[in-house]
Every structure is written in structure tokens, then in C-alpha cells.
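Just so it is clear, none of the values below were taken in a lab; they were calculated from the coordinates. Every value quoted in this text rests on a predicted model; they were computed, and no experiment measured them. Every residue, glycine as well, gets a Cβ built from its backbone with ideal geometry; the counts of neighbours run over all protein chains shown.
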């Protein structure tokens, strides 16, 4: 049977223009398919589009990330080229990481408020070298911190860390298999939008800036809503660094918060006016809010096989952390990885993926680990710890952080 459909009228250009200029529901629906950087540009068209864009941005409360790796062949360097077309900063680096990140950042669907940026130490050391050469030729007085900050929205807090090795989940899907990179170039940028019920505060302490008032300002003490602290010490082998870290950990050890992290090599996004380059210190993120949940387990030195690693990671299941809007973190000793598992690569990252197939995993191989077995949920199942039991060597701290 033939059926002829007759349309009483067609949508003309003027009608479409009327809808796009006056019907907020249609405009808002269309803008949900537009990446954030393009969305910010379209918000300049008119008041209606600006208001629709703002509403769309408020709904984008899921974490996003970009990650990239390099072949080490000198073709381009990832973390240091401009991440946006508008930023006319030409960093002649020599590796691949930043170029890949630049392309992928164009397609994110959130407005980042806080960025956790990690890259391998060789990448960052090469960056510093190139900066010194480039800076001699620059006349505008800019520095790496300012240039890197310019790549993200104004007011976005950026915490950049260089480590001996990187653990990352490839961009695109939470279910992608995470990878351990103990050699070669690798890096990632975790981007956190403004989220209802979640307060995220980056902090930075050195021997000049550390005080009780600074701890309170960072939300690390006197904060009943504190749930998770990601904490990283740098220049840890300098004289006095261990005592300094103990001072920072002491008020946190007995708190009802999850503490996880480790020792990294350098921090490359914080100005050092207070203490100078080469001085030791601590940086991190304090996460507060009733919607946040977390859990961590310690893979001790006796965990040295794929089977024992899976048994250890299975302990995280007891926390019953929701999978949605949850991140996994892996902070491992440089002495672990494939050398620790008899040449078998990616053991711990693959084990995490087997237990939590829909949770992305990020982290590093560092010079010491911070954390313990701890669960922070609505019921607060905790164990008493002190600063000594939070610090380890030749271990891995596996952590889940749920942001509601």
C-alpha cells in the first residue's frame, strides 16, 4: 500500500531563525551537543543563547580528562604546546604529549574549575630546558606558569606534577584499559567542573608558608565536611623534608578523611616566590562535601603476584562506592611495576580494571607512598592511624574517589 504524506507547510529560513532566536528549549537542547570551548563562543551571540549556555554548563558536572603518550622520537611534546587555538604561545618542545592534549581539550564538554595535570619527569625537565632557551628570546616577560595557566579558563586552579612514571586511562571512555608508563613520555589532565555539594581546594605549603592558619584556609583542619585529601610531597630527599611532611600529615592522620598520595619529583605550576626553586614542600587537593565518598587499600610489599594484587584490590569492593562520577588513583613506588612482577607489565592497573571495569584510573610511580586501608562513606568506617603508618616504600596505594 502506498502512503503519500503531505506536509501542510515547510520550515522556512525565517521560521528557523525565529525558533533559534526565541525558543529557549530548542536552543538549549542544541547547545548540549556543543563542546565547551565552542559553547562559550556561541554564548556571545545574544542574551538568549548566553542564558541557555549558562544552564547547559551548570548541568555538566561529570569529571572529564585528556591523556596522551609520546614515542620519545622527538616529534613533538605533549604537555606544553598550547591547548587552545586562541593562545598564541608557540612552545618548540620536541615531544608529542601537548599536541595530542591540545586537540582533545577542544572536545571536552565541561568548564574546568580545577585541573590536576601529571606528566613524566623527562617531559617536564625537557620543558624547563626549552623554556630557558626560549625565555632568553622573549621580551614580554611571560613565564611557564603564566603560559600554562593561559591555556585554561581564567580562574581555573591548575596543579601540575612531574613524576618518574605515569598511570593513565586513555581518553574517550571510562572502560578503556588503564596503562602504566614507567618509561617514555606520558601525561594526563584531569578536569573537575564546579559540582553541587563538592568543594575542591588546591593547596601548597612550604617551610615559609606553612602555618595553622594556612591549614585552616585550605580546609584541612577545622573542616567537618573534609572527606578526601590527595597529597604530594616534592623534593622529598632534601634535608628537613621528612620532618616537614610529618607536620602536614599529623593533623590529618587522626581526621575522618581519606589521605592518599606520595612523593613526586617536582611541581611545575606553582610559583616559588615563598621558598625558591629546589626547596621542598607539599601540594595537593582537599575535597569537601557530604556527597563525596572514598576508599583506599595498601598493596604492601608481600603483594608481588597478579593473584595477590587482585585479592588486595578486591578489598575496595567492601566500600560499595558508586561507579558513576568515580575516579581511581594508583600511587606506586618506582620499585614496583614490571620489575616487581618478574617482567610482567601493567599488572596492578589491569587488576584494578578487572575489578572496576567502568572506573578510569590515574596516578604515578613515585619516590614513596602515602595512604592506608581506609573507607570514607556515609557510615564512616575508619581505622585509627598515625603519620608513620601513612608513609610507605615499595608499596602501592589504590584509591577510589566518588564525587556524587
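Assorted remarks:
- Relative packing of 336-344, 257-265, 200-208, 178-186, which averages over residues the other C-beta atoms within 10 Å, highest first: 257-265, 178-186, 200-208, 336-344
- Compared with the direct C-alpha span, the chain from residue 339 to residue 30 gains 106.2 nm at full extension, assuming 0.36 nm per residue.
- Protection proxy ranking, peptides 221-231, 318-328, average beta carbon neighbours within 10 Å, highest first: 221-231, 318-328
- Extension gain, residue 211 to residue 50: 0.36 nm times the residue separation minus the Cα-Cα distance gives 53.7 nm.
- Stretch gain in nm, segment residue 154-residue 300, where the contour uses 0.36 nm per residue and the Cα spacing is subtracted: 48.4 nm
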